[in-house]
1. Give me the percent relative contact order of the chain, please, defined on Cα pairs under 8 angstrom at least 6 residues apart.
2. Between the helical axis of 64-106 and the dominant principal axis of the chain, each derived from Cα atoms, what acute angle in degrees is found, rounded to the nearest 10?
3. Which one of Gly146, Phe136, Val72 is farthest out on the positive end of the charge dipole of the chain, using unit charges on Cβ (Lys, Arg +1; Asp, Glu -1) and the Cα centre as origin?
4. Looking at Gly48, Thr90, Thr112, which one has the Cα that reaches farthest to the positive end of the dipole of region 48-131 (charges on Cβ: Lys, Arg +1; Asp, Glu -1)?
5. Angle, helix 119-151 long axis vs. longest principal axis of the chain, Cα atoms, 0 to 90°, nearest 10?
6. For the Cα atoms of the chain, what angle does the longest principal axis make with the long axis of helix 9-58, in degrees from 0 to 90, nearest 10?
7. Work out the P(r) tail for the chain: percent of alpha carbon pairs separated by more than 26 Å, whole number.
8. Once every DSSP H run of n ≥ 4 in the chain is given -39500 (n - 2.57) and the sum is divided by its residues, what mean residue ellipticity at 222 nm do you get, rounded to the nearest 500 deg cm²/dmol?
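Computed from the coordinates by the stated procedures, all read-outs in this text should not be read as laboratory data. Quick caveat: nothing in here was measured; it's all calculated off a predicted structure. Here Cβ is always computed from backbone atoms with ideal geometry, including for glycine, and neighbour counts include all displayed protein chains.
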Amino acid sequence: MAIWTTLTPQQQERLWAHAVRTADMLRTQAVESGSRAVSYLLFTNAGGAIALLTFMGGAPMIPRLAWWSLAVFVIGTFSVGVLNAISYHTSYHLNERYVRAVDLVVSDTIDTKQLVIDPGLRKIAHWAAVFGYFAFVAFITGSALGIAAYLC
């Protein structure tokens with residue numbers, strides 16, 4: 001492979017177009033996987049709570065661990081809601097700031113080097129991942145507690 005500056009303008013254009021197509025494909029895959037992960041987390045935690053409530057409704061005596069399991073499933077479901085809220089607000093603000101920055105670049109108000117993503121929003125987006133993993137751990141914990149409640 002050649003160094004960028006040694007390529008002809010036509011080669012640079014072809015390579016750039018390929019890079020943009022690849023980036024778009026990877027971005028689409030990332031968005032789709034994230035959407036599937038959020039659905040999985042919501043359905044497993046909410047489904048765990050519903051299944052547990054069904055068992056609890058038919059049980060003559062409800063073990064204390066079953067209540068803990070239910071609480072963990074509910075917290076996991078709540079975490080998915082927080083994850084969605086953080087993701088929405090982060091995406092909204094990133095888009096808003098980027099569109100504003102592009103307008104400023106086009107009007108020659110700022111230099112193109114200033115067209116970067118705000119690192120502060122990346123820190124906020126990090127919390128979406130934290131709540132996502134927390135919801136996954138909640139599902140595992142809720143499942144373990146639910147199983148233990150009815151085996152012990």
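1. Values: 114 pairs, mean separation 51.7, N = 152.
Normalised by residue count, the contact order of the chain is 34 percent.
2. Approximately 10 degrees, to the nearest ten.
3. Comparing the listed Cα positions along the dipole, Gly146 ranks first.
4. Gly48
5. Between the helix axis and the principal axis of the chain, the angle is about 20 degrees.
6. The angle comes out at about 10 degrees.
7. On the way: 5899 of 11476 pairs.
That tail contains 51 percent of the Cα-Cα pairs.
8. Values: 3 runs with 126 residues, N = 152.
Mean residue ellipticity at 222 nm (helix-derived): -30500 deg cm²/dmol.
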